[in-house]
Amino acid sequence: MFIRSGVLVIISLSKIKKFFLGMRFWLYMSIFVVGVIPIVICMLILSNTYEERMVDLRLTQIRNQCNILGSELSAEGYFDGRVQWSMDIAVERLANFYNGRIYIVNTGMRVVKDTYGINEYKILSCENVVLGMRGKTTAVYDEDKAYIEVAVPIKNTNTGAVTGVMVAGIPTDDLVREFTVMRHKVQLLCVVFCSIALLGGAILSYLLAKPVKRLGNSFGKVSKGHIDTDIPIEGFTETREISENYNNLLAKLRKTEESRQEFVSNVSHELKTPITSVKVLTDSLLSQKEAPIDIYREFLKDISDEIDRESKIISDLLSMVRLEGANSDLNVELYNINELTEAVIRRLKPIAAQNNIEIMFEEIRFVLAEVDEVKLTLAVTNLIENAIKYNKPNGWIKVTLDADQSNFSVCVADSGIGIPKEAQTKIFERFYRIDKARSRSTGGTGLGLSITKKIILLHNGTIDVMSSEEGTSFIITIPLTNAGRTKREADTFEGI
C-alpha cells in the first residue's frame, strides 16, 4: 500500500512538474503578465488620479471662495469694526455651505471670529496663520483625518497690506464617500477585465499549444515506428508550415524505409541466387553416379562462376557499406590524374580485348588534382567495366580527360547498346538493372554505378549520363582542389 501511494505521489509530482514546464502554462503566464497586470496598474493610476484631481478642485474652490470673502471683509473695513455683523453672516454662510469651520485672525494673532464660537478672542499662532500674515496662501489636505485646511491672507484693498488671515477647516466626508464608490467601481472593472483576460488567456494558450501538442504526439508515434500517418495541415501560419515540413520529413522517412526494405530484399535475393545455383549444380552432380568427366568439369566451372559472382556481390556490398559508414572520409592527396586513368585503362584492356573492344585514351590536358586515389580509381574502373560489359562486339570505348581552371572531367563514351531514356534517372539506384538476365550473364551486381556516384559525391563532384542507340557517355566532373568531405556532407549534397 505504501509503495502504491509512493508511486502515485511520484506520478502526481511528475504531472505537476510537466504542467509548470509546459508551453501552455508559460503562454498563460505571459498573457497574464502582459494583460492583467497592466489593467490593474492602469485602474489604480486612474483611481488615484481621479482622487488627486477631486482634492485639487476642492482646494482651489475653497481658496477662491476665501479670497473673495477676504476681499469683501477688507473692503467693508471688517477689522475696523465697521459693518461686522453682515460680514459675520457671510462667513457663517460659507462655513455652513462646506459644513466646516472658519477662523478670522487679526494682525495681533487674535481670533476675532470663530464660526463655532469657541476660540474667539484667543491667540492663534499656528504655522498656517504665521505664513498667512506674511502674505502666503497655504492649503493642506490630511487624507487620514479627511480634512482640508486653507489659510488665506486678507489684504487691504488700498494699500495691499495684510490686515488678517482667514483659516477655513473643511471636512472631506463627501469626497471620501465619492472615492469609496469610485474605488468599488474600479475594483469591479478590474475583476471584469481580469476575468476576461484570464479566460481569453486560457483559451488563447490552449489554441496556441494545441498544434504543438499535436506535433508532439505525432513525434511520439514516429518514435514508436508509426511513420505512415500525416498530421493535418491547419491552424496558424507558423504551425501550418511546421506541419508541412513535418509531413515532408515523414515522406522522406517513408521513402528511406522503403529503400531500406527494398535494399534488404535485393541483397537477400542477390546473395541467395548464386547459392541456389551452386546447390542445384551440386545436387545434379550427386544424383549422377557415373557422370562423364566433361560433365563434372562443366558443372564445376559453373559452380566456380557462381562463387565468383557471390564474391563480387559481397565485395561490392562491403564497398557500399564502407562508403556509407562513419569511416568514409576521403584520404585526399595530390595525384596525377593522367597516370591514374591510364593505369585503369591498362589493367582493363585485356578484358576488353576478349570481346574485340578497343579502348582509346585522349588526354586533352595534363591534370594534377587533390583526390582519394583508391576511391577515384574504383569509380573510373566501374565506368569502364560497364562500358565493356554492355558494349557491342568489335566496339570501342573512348576515355577523355580534360580540365579547366577549377575542375577536371573524365568522359567514358562507348558504342554500346545504350540506356533507355526512362531508365537513365534510375541507373544509380542500388541493385537497379535494366536487363536482369543480361546483367547476370555479364556478372553485374547492380551496385557499380551506385558506388561510383557515392564516390563522386564524396569528392564534391557530379556525374551525368547521355545515351542513345549509338552508345552511352558518362561524364564525371570533380574540383581540382578538394580538402575532403565527410559522409554527412555527401549525403546532404546527394539529397539536394
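The values are calculated or read from the model by the stated rules, or taken from the named source; none is laboratory data. The shown structure was predicted, so the numbers you read here are calculated from the model rather than taken from an experiment. Methodologically, a virtual Cβ is constructed for each residue, glycine included, from the backbone with ideal geometry; neighbour enumeration extends over all protein chains shown. With ligands, DNA and RNA removed, areas are computed over all heavy atoms of the protein, side chains included. Shrake-Rupley method; radii C 1.70, N 1.55, O 1.52, S 1.80 Å.
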*Return the only residue of Ala197, Ala168, Ala209, Ala202 being under 29 Å from Leu73 (Cα atoms) and either small (Gly, Ala, Ser) or within 50 Å of the chain's Cα centre (by Cα) (or both).*
Ala168
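Please work out if Ser467 is among the small types (Gly, Ala, Ser), modelled with pLDDT of 70 or more, buried (at least 19 other Cβ atoms within 10 Å of the Cβ) and assigned to a strand (DSSP E or B). Before you say what the answer is, go through the steps one by one.
Numbers: among the small types (Gly, Ala, Ser): yes; modelled with pLDDT of 70 or more: yes; buried (at least 19 other Cβ atoms within 10 Å of the Cβ): yes; assigned to a strand (DSSP E or B): yes.
Spelling it out, Ser467 is indeed among the small types (Gly, Ala, Ser), modelled with pLDDT of 70 or more, buried (at least 19 other Cβ atoms within 10 Å of the Cβ) and assigned to a strand (DSSP E or B).
Name the residues in segment 111-136 that are among the acidic types (Asp, Glu) and open to solvent by 40 Å² or more (accessible area, probe 1.4 Å), would you? Walk me through it before giving the result.
Taking segment 111-136 first, the residues among the acidic types (Asp, Glu) are 114, 120, 127.
Answer for segment 111-136, where residues must be among the acidic types (Asp, Glu) and open to solvent by 40 Å² or more (accessible area, probe 1.4 Å): Glu120, Glu127.
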_Sole exception among (1) open to solvent by less than 60 Å² (accessible area, probe 1.4 Å); (2) touching a Ser or Thr at 6+ places or on another chain (Cβ under 6 Å) for Ala168, by number_ = (2)
*Conditions (1) modelled with pLDDT of 90 or more; (2) aromatic (Phe, Trp, Tyr); (3) over 43 Å from the mean Cα position of the chain (by Cα); number of the one not met by Phe408*: (3)
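Based on what the data block shows, is Gly200 part of a loop (DSSP other than H, G, I, E, B) and open to solvent by less than 80 Å² (accessible area, probe 1.4 Å)?
On the way: part of a loop (DSSP other than H, G, I, E, B): no; open to solvent by less than 80 Å² (accessible area, probe 1.4 Å): yes.
So Gly200 does not fit the description; no.
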*In this structure, does Asp80 turn out to be open to solvent by 70 Å² or more (accessible area, probe 1.4 Å) and closer than 18 Å to Asn156 by Cβ?*
yes
*Which of (1) at pLDDT 75 or above; (2) over 34 Å from the mean Cα position of the chain (by Cα); (3) outside any loop (DSSP other than H, G, I, E, B) does Ala437 not meet, given it meets every other one?*
(1)
*asked:* Looking only at residues that are within 21 Å of Glu310 (Cα to Cα) and surrounded by 12 or more Cβ atoms within 10 Å (Cβ to Cβ) in segment 248-266, which one is modelled with the lowest pLDDT?
replied: Asn266
*Out of the residues in segment 231-247 that are assigned to a loop (DSSP other than H, G, I, E, B) and of a type in the set (A, V, I, L, M), which is surrounded by the most Cβ atoms within 10 Å (Cβ to Cβ)?*
Ile231
*Just one of the numbered conditions (1) free of Cβ contacts under 8 Å to residues at least 40 places away in the same chain; (2) touching a strand residue (DSSP E or B) at 6+ places or on another chain (Cβ under 6 Å); (3) within 23 Å of Gly77 (Cβ to Cβ); (4) of a type outside the set (S, T, N, Q) is not true of Pro153; which one?*
(1)
*asked:* For the list (1) open to solvent by 70 Å² or more (accessible area, probe 1.4 Å); (2) out of contact with any strand residue (DSSP E or B) (no Cβ under 6 Å at 6 or more places or on another chain), I need the number of the one condition that Gly108 fails.
replied: (1)
*Any residue at all in segment 218-230 that is β-branched (Val, Ile, Thr), modelled with pLDDT of 75 or more and either under 18 Å from the mean Cα position of the chain (by Cα) or not in a loop (DSSP other than H, G, I, E, B) (or both)?*
no
_Name the single residue that is least open to solvent (accessible area, probe 1.4 Å) among those in segment 370-410 being out of contact with any strand residue (DSSP E or B) (no Cβ under 7 Å at 6 or more places or on another chain) and assigned to a loop (DSSP other than H, G, I, E, B)._
Asp372
*Kindly provide the set of residues from segment 137-161 that are open to solvent by 40 Å² or more (accessible area, probe 1.4 Å) and in contact with a helix residue (DSSP H, G or I) (Cβ under 7 Å, 6 or more places away or on another chain), ordered by number.*
Thr137, Ala139, Tyr141, Glu149, Lys155, Asn156, Thr157
*Within the group Leu69, Leu73, which residue is farther than 30 Å from Glu178 by Cα, touching a residue at least 60 places away in the same chain (Cβ under 8 Å) and open to solvent by less than 70 Å² (accessible area, probe 1.4 Å)?*
Leu73
